[in-house]
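Visitor: Questions regarding the structure given below will be posed in turn.
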Amino acid sequence: MKKSVKWHIWIASEVPRVFVLLFVFIIPFLVYAGISNPELLSVTENSFALYWDTDKAELCAINYGATRSNMDKSWAESGKPKKFHFLEVKGLKPGKEYYYQIKCGQEKSRQTRMSPGRFTTLTLPAGKQLFSFAVLTDMHIKEDVAGLILLPGAKNASLIPGFKWKDPDDPYWNFTNRNAIERINQLKPDFTIVNGDLTSWFTEDEFLIAKQMLDKLQMPYYVLRGNHDRVEDQPEDWFKKVFGLKQSYYSFEQGGFLFICLDSVRLKDGWEDISQEQWQWLESTLRGNALEPTFIFTHYQIGIGAPGINKDDQKRFLSILEQNPQTIACFYGHQHGARVEMLKFGERTVPQIIVPTAKEYPSGFALVRVFETGFVYNFQSTDCENCLEWRSITRGEYFGLAPEINGGSLSERNFVYHFPLEIQALVKK
């Protein structure tokens, strides 16, 4: 087995990539004064979505076409003028290259690393779509400051003051998660998985608020425990009690696929930990369902060995993935950003997918559509007026390096994964 381990830096020890400073200084010169921070967020088989800021409130448009010299189509904003913009262009063709440019009055955008001015739409996997699901993570109910860089072992010591929202009566965790839930309902997936950190301080009222919000989903949903959902000195395990869970790890089936939801959190302090009983349950569950293609969900990134992950747990998890070729992909939360890494086991790859949070930059959730021969993963942005302004504000997290640290690349936010032939054979059964 060839292990691919990448150190995705945790909030307490994030170290910028070497090339980050180049973009920090170059980007301001790559856009016209009136248009700033353009980002190509999502590309599907028939659409793309862009975000940008403008110096003044105005309505803009996106020109696009098959060549840079002939962007003969346009998609315009409507409603009242705004400074924070999000626009999704639809009606494209799969597997085609397109060019685009933002136009605001007389100003036009130029290409940047985050907005390259061109893309190729995705090509769907062969066969029919079987079902779809959304992944929402790190809701952080009742958090009042975003973007803190906490010192190791310290609860309140931060390197920076973080960011606060201007309206205490409608905090950012409320309108961002509310909008994400509204957008999930619009997309109509078959179910939603909430991948941990529903709360900030693991109190009963936070869990009750989280449940009240999630109950507005118009489809079944499943919750996982995150490090902020621990027990510590609380009188009850409110995570289990509020959501009516007999056990904090479990599995369920959908359309011939198995979904495994693990509890990767030590209850007394929130550090990563998986009990011996849970390891045995996981191995037994996979052994007993060897003919069911399987997705695995944990809050912590066990498979790719982020700092703070128990090395023995990581080794055991990788061994389990290697021994169970029915495993399709692993989904994680915790880091609040977009990352994808492919673990290799001989000729077989298993995607390790870190899903962004909705409550701060890059502000969204994931939609996964499962087909007979693969799945499509797309980042979906929040789009409410406050959401877009808050996205612009929290883009300044980590000393302005949030796009580098949490933004991920376009291909980490949008991609197609084709099942190995043995998985396709299981699906056909």
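Laboratory data are not the source of any read-out in this text; all were calculated from the coordinates shown. Computed from a prediction, not measured in an experiment: that's the story for all the values here. Cβ: placed from backbone, ideal geometry, glycine included. Neighbour counts: every protein chain shown.
Visitor: Could you tell me the convex hull volume per residue, in Å³, taken over the Cα atoms of segment 236-277?
Guide: It comes to 95 Å³ per residue, whole-number rounded.
Visitor: Take the Cα gyration tensor of the chain, multiply each eigenvalue by 5, square-root it, and list the three semi-axes largest first, rounded to whole angstrom.
Guide: 34, 27, 20
Visitor: Quickly estimate the mean residue ellipticity at 222 nm for the chain, helices only: each DSSP H run with n ≥ 4 gives -39500 (n - 2.57), and the total goes over all residues, rounded to 500.
Guide: Value at 222 nm, helices only: -6500 deg cm²/dmol.
Visitor: Now, a different point. For the chain, which longest stretch is free of loop sites, where a loop site is one of the chymotrypsin sites (Phe, Trp or Tyr not before Pro) that DSSP puts outside H, G, I, E and B and that has at most 12 other Cβ atoms within 10 Å?
Guide: 20-429
Visitor: Shape of segment 291-429 from its Cα gyration tensor (a ≥ b ≥ c, root eigenvalues): rounded if a/c is under 1.5, otherwise prolate when a/b > b/c, or oblate?
Guide: Cα axes put segment 291-429 in the oblate bin.
Visitor: Can I ask one more? Note the full-extension length gain between Leu187 and Asp55 as 0.36 nm times their separation in residues minus their Cα-Cα distance, in nm to one decimal.
Guide: 44.3 nm
Visitor: Return the Cα extents of segment 29-120 along principal axes one, two and three, sorted largest first, each rounded to a whole Å.
Guide: 36, 30, 22
Visitor: A further question follows. Send over the Kirkwood Rh of segment 199-305, from the inverse of the averaged 1/r over different Cα pairs, rounded to one decimal Å.
Guide: One over the average 1/r among Cα pairs gives 14.9 Å for segment 199-305.
Visitor: Looking only at GluC sites (Glu not before Pro) in DSSP loops with at most 15 other Cβ atoms within 10 Å, what is the longest site-free stretch of the chain?
Guide: That would be 1-231.
Visitor: For segment 143-240, report the convex hull volume of the alpha-carbon atoms normalised per residue, in Å³, without decimals.
Guide: Hull volume over Cα atoms, normalised by residue count, gives 117 Å³.
Visitor: Out of the trypsin sites (Lys or Arg not before Pro) in segment 154-211, which ones are loop residues according to DSSP with at most 14 other C-beta atoms within 10 Å?
Guide: Passing sites in segment 154-211 are Lys155, Lys164, Lys166.
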